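The values are calculated or read from the model by the stated rules, or taken from the named source; none is laboratory data. What you are looking at is a predicted structure, and each value in this text was computed from that prediction instead of being measured. Neighbour counts run over all protein chains shown; Cβ positions are idealised from the backbone, glycine included.
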Amino acid sequence: MSRRITVQRIAGIATVPVIQLLWLRLMGRSYFCPCGEIHLWQGQLDPARNAQQFADWYSLLHVIFGMGVYTLLTLMRPGWRLYERAMMALLSSAIWEIMENAPWIIEVINRSSQGPHYSGDSILNSLEDTLFAMIGFLLGWRLPKWSLLPLAAALEISVSLAIHDGLILGTLRLMGGNVD
C-alpha cells in the first residue's frame with residue numbers, strides 16, 4: 001500500500017509540469033528561444049532573449065515565490081503534510097506560469113513603458129521558473145524561519161540592482177508608478 005501511494009505521488013508531481021508544458025504549447029509558446037540559442041544563464045536584459053533561456057535574474061524571484069508559498073501554506077494549513085503543501089506550491093507555480101504567458105497578461109505587463117519588454121516565456125524558461133519556485137519551497141522548509149525574510153530581501157535587492165526590475169519595482173510599474 002505504501003509503495004502504491006509513493007508511485008501515485010510521483011505520478012502526481014510529474015503530471016503538473018507535463019500539463020504546464022502542454023498548455024503553454026497550446027498557447028503557442030516556443031520550446032526554446034526563437035533566437036536559436038540555448039544558454040543556462042541570461043544575465044543581460046535583451047528583448048529577444050528575456051525569459052527565453054534556462055535561467056535569468058527573474059529566476060531568483062521565483063525562489064522568493066516558493067519560499068512565500070511554503071510560509072503561507074505552513075501558517076494557513078499547519079495540519080497539511082509536506083507533500084500536500086509541495087503539491088499546492090507546484091500547482092500554484094504552474095498556474096502562475098500559464099497565466100503569466102497569456103497574451104492579455106503580457107499586454108498588461110508591457111503597458112508600462114518604463115519596464116523591460118516582455119514577450120512571454122519559452123517553455124524551457126517557464127518550466128525552469130517552476131523548478132526555481134520548488135527550490136524556494138524546499139529552502140522555506142529547510143532553512144531557519146528567521147532567515148527567509150532576509151534571504152528574500154537580498155534576492156529582491158540583487159535583482160533590482162542588476163536589471164532595475166523585480167517584484168517591488170514591477171508591481172509599482174503595473175500600478176502606474178514612476179520608478180526610474
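Data table
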| read-out | value |
| --- | --- |
| Pairs where the first residue, in the stretch 99-110, is closer than 18 Å to GLN20 by Cα and without any contact (Cβ under 8 Å) to a residue 60 or more places away in the chain and the second is among the polar types (S, T, N, Q) and surrounded by 10 or more Cβ atoms within 10 Å (Cβ to Cβ), C-beta under 9 Å, 6+ apart | GLU100/SER126; ILE106/SER119 |
| Residue within the stretch 70-80 that is crowded, with 19+ Cβ neighbours inside 10 Å and in a loop (DSSP other than H, G, I, E, B) present | no |
| Flag for ALA11 being part of a helix (DSSP H, G or I) and among the small types (Gly, Ala, Ser) | yes |
| Among the candidates GLU107, GLU97, residue that is acidic (Asp, Glu), more than 22 Å from LEU161 (Cα to Cα) and modelled with pLDDT of 95 or more | GLU97 |
| Which listed residue is closer than 30 Å to SER147 by Cα and in contact with a helix residue (DSSP H, G or I) (Cβ under 8 Å, 6 or more places away or on another chain), from LEU40, LEU21, LEU45, LEU72 | LEU45 |
| Any pair with Cβ under 7 angstrom, 6 or more apart, that starts in the stretch 123-149 at a residue that is within 30 Å of TRP23 (Cα to Cα) and touching a residue at least 24 places away in the same chain (Cβ under 8 Å) and ends at one that is part of a helix (DSSP H, G or I) and among the aromatic types (Phe, Trp, Tyr) | ALA133/PHE65; GLY136/PHE65; PHE137/TYR70; GLY140/TYR70; TRP141/TYR70 |
| When residues of the stretch 81-112 are limited to those that are in a loop (DSSP other than H, G, I, E, B) and out of contact with any helix residue (DSSP H, G or I) (no Cβ under 9 Å at 6 or more places or on another chain), the one surrounded by the most Cβ atoms within 10 Å (Cβ to Cβ) | ALA102 |
| Residue within the stretch 142-156 that is modelled with pLDDT of 90 or more, under 29 Å from CYS35 (Cβ atoms), in contact with a Ser or Thr (Cβ under 9 Å, 6 or more places away or on another chain) and crowded, with 17+ Cβ neighbours inside 10 Å present | no |
| Residues that are among the charged types (D, E, K, R) and either in a helix (DSSP H, G or I) or closer than 19 Å to ALA89 by Cβ (or both), drawn from the stretch 118-171 | ASP121, GLU128, ASP129, ARG142, LYS145, GLU156 |
